[in-house]
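Engineer: Would you mind keeping the following structure in view while I ask a few things?
The values are calculated or read from the model by the stated rules, or taken from the named source; none is laboratory data. Note that the structure is a prediction, hence the values are computed from the model and not measured. Neighbour counts are summed over all protein chains in view; Cβ atoms, including those assigned to glycine, are modelled from backbone coordinates with ideal geometry.
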Amino acid sequence: MVVCCCLGRTATWVSYQLKIHAQKYMRSPLIPEMATQEVQLNETLAHLKSESESLKSKLEEERAKLHDVELHQVAEKVEGLGQFVMKTRRTLKGHGNKVLCMDWCKDKRRIVSSSQDGKVIVWDAFTTNKEHAVTMPCTWVMACAYAPSGCAVACGGLDNKCSVYPLSLDKNENLAAKKKSVAMHTNYLSACSFTNSDMQILTSSGDGTCALWDVESGQLLQSFHGHAADVLCLDLAPSETGNTFVSGGCDKKANVWDMRSGQCIQSFETHESDINSVRYYPSGDAFASGSDDATCRLYDLRADREVAIYSKESIIFGVSSVDFSLSGRLLFGGYNDYTINVWDVLKGTRVSILFGHENRVSTLRVSPDGTAFSTGSWDHTLRIWA
Amino acid sequence: MSGSSNIVAMKKVVLQLRLEAGINRVKVSQAAADLQQFCLQHAQHDPLLTGMSTSNNPFRPQKVCSFL
């Protein structure tokens with residue numbers, strides 16, 4: 001391909017220039033020589049900057065060449081969706097302050113939620129009973145996750161850590177005593193997720209990095225550098241599609257990472273503000289994002305570009321959280337204006353708007369079997385919708 | 001000197017961009033068709049889409065039994 005040839009030649013020239021400058025730098029410098037080196041370093045920096053600019057525009061060109069049609073045009077012939085009747089079926093009350101995060105257990109009925117007041121609660125969503133409660137040593141527990149086995153939960157926030165609590169069947173046992181500190185970041189923990197097993201946890205942080213940890217030893221297995229600001233969210237690819245995950249951050253970028261190498265393999269920058277939530281499409285070939293710019297967007301990984309925007313002029317508040325229904329046809333978005341908007345993913349239209357929460361919706365997840373979805377809100381409650 | 005560390009950082013950016021520029025891409029029409037096909041194939045098994053009947057959905061209210 002023409003693009004690769006040009007890049008190859010430029011890259012060779014650049015590395016040749018760098019080698020020359022490195023050699024000059026090694027000799028003990030006299031003052032005039034240092035001044036000359038300064039000028040030469042600046043020239044190299046300028047060359048690199050202009051190369052990066054030209055690469056960026058080449059990238060845009062390549063992506064644009066394949067943009068032959070819009071998703072909603074392809075979907076014109078698909079039957080429209082009818083009216084949806086979705087209501088609050090359960091309300092989980094018990095948190096003393098804003099609910100910040102929640103996750104479903106694989107058993108499709110248990111939920112873990114975390115709050116600004118430092119409490120982490122495990123609920124039975126069928127009965128609304130609280131099964132476990134832990135008080136964290138910090139406030140603003142922004143992240144929580146259920147282990148695949150259902151035997152443990154992970155959580156963290158302003159303590160800059162991710163801790164794992166094994167869940168005991170004995171209600172009287174003090175869960176805090178068995179706590180295991182796994183992840184250590186240099187800023188707040190924004191999201192966490194177990195991988196396919198209870199043995200590894202993926203975290204994202206306000207320190208701008210994501211990291212993969214071994215739960216047993218607390219060892220850092222891989223770190224992911226590339227975001228230029230706080231990373232706010234992450235989602236693992238469905239297990240059939242391999243070892244990748246997507247992260248979104250305050251730098252308006254969504255990055256797709258290879259978990260084994262730590263390499264960023266694709267990057268998308270079309271949002272106009274912080275990306276608060278990312279979620280893979282069920283097939284693993286695409287992912288959705290929700291942002292403070294009041295839009296949700298769909299990015300296709302094979303086409304390497306944004307393929308849909310879900311927005312309306314009347315929607316001006318940020319999206320905090322997104323998730324797909326089981327088939328990927330519906331996209332649910334929790335918004336800062338207290339509502340949930342339900343989008344037809346293929347046609348790009350809104351099919352429903354749901355009211356009920358009395359403050360921002362901060363977190364939203366569809367249950368593992370797709371029978372319901374749960375939302376958490378700054379109004380201190382969680383709601384189950386079906 | 002900060003000059004050389006800037007260069008190192010810029011070199012990383014350039015290498016990353018080269019990597020991203022070099023990946024294989026498919027046309028949007030193809031990718032969109034595949035997304036659509038996945039949706040339609042799995043539509044029947046999506047309870048929130050099809051609106052499961054009350055008796056099957058554990059969260060919807062059950063019909064109340066009354067003693068005669």
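Engineer: Identify, from the list A:Lys179, A:Lys130, A:Lys161, A:Lys119, the residue that is basic (Lys, Arg) and either over 28 Å from A:Val231 (Cβ atoms) or touching an Asp or Glu at 6+ places or on another chain (Cβ under 9 Å) (or both).
Structural biologist: A:Lys130
Engineer: What tally of residues in segment A:34-63 results from selecting those that are closer than 27 Å to B:Ile23 by Cα, within 8 Å of chain B (Cβ to nearest Cβ) and of a type in the set (Asp, Glu)?
Structural biologist: Summing the residues that are closer than 27 Å to B:Ile23 by Cα, within 8 Å of chain B (Cβ to nearest Cβ) and of a type in the set (Asp, Glu) in segment A:34-63 gives 2.
Engineer: Continuing with this model, one more query. Looking only at segment B:14-37, count every residue that is at the interface with another protein chain (Cβ under 7 Å from one of its Cβ atoms), assigned to a helix (DSSP H, G or I) and of a type outside the set (Gly, Ala, Ser) and tell me the total.
Structural biologist: Count: 9.
Engineer: Shifting gears a bit: Can you tell me which residue among A:Asp285, A:Asp300 is touching a Lys or Arg at 6+ places or on another chain (Cβ under 8 Å) and within 26 Å of B:Glu20 (Cα to Cα)?
Structural biologist: A:Asp285
Engineer: Among the residues that make up segment A:312-334, is at least one of them charged (D, E, K, R), touching a strand residue (DSSP E or B) at 6+ places or on another chain (Cβ under 9 Å), surrounded by fewer than 24 Cβ atoms within 10 Å (Cβ to Cβ) and not in a strand (DSSP E or B)?
Structural biologist: yes
Engineer: Quick check, is A:Thr135 within 17 Å of A:Ala177 (Cα to Cα) and either touching a residue at least 24 places away in the same chain (Cβ under 8 Å) or surrounded by fewer than 23 Cβ atoms within 10 Å (Cβ to Cβ) (or both)?
Structural biologist: yes
Engineer: Another question, then. Any residue that is out of contact with any helix residue (DSSP H, G or I) (no Cβ under 7 Å at 6 or more places or on another chain), part of a loop (DSSP other than H, G, I, E, B) and of a type in the set (Phe, Trp, Tyr) - is there at least one of those in segment A:285-301?
Structural biologist: The answer is no, given that none of the residues of segment A:285-301 is out of contact with any helix residue (DSSP H, G or I) (no Cβ under 7 Å at 6 or more places or on another chain), part of a loop (DSSP other than H, G, I, E, B) and of a type in the set (Phe, Trp, Tyr).
Residues are listed down the side, and each one gets a yes or a no for (1) modelled with pLDDT of 95 or more; (2) in a strand (DSSP E or B):
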{"residue": "A:Ile353", "(1), (2)": "yes, yes"}
{"residue": "A:His357", "(1), (2)": "yes, no"}
{"residue": "A:Ser362", "(1), (2)": "yes, yes"}
{"residue": "A:Asp369", "(1), (2)": "no, no"}
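Engineer: Check off (1) surrounded by 15 or more Cβ atoms within 10 Å (Cβ to Cβ); (2) outside any loop (DSSP other than H, G, I, E, B) for A:Lys252 and give me the number that stays unchecked.
Structural biologist: It fails just one condition, (2).
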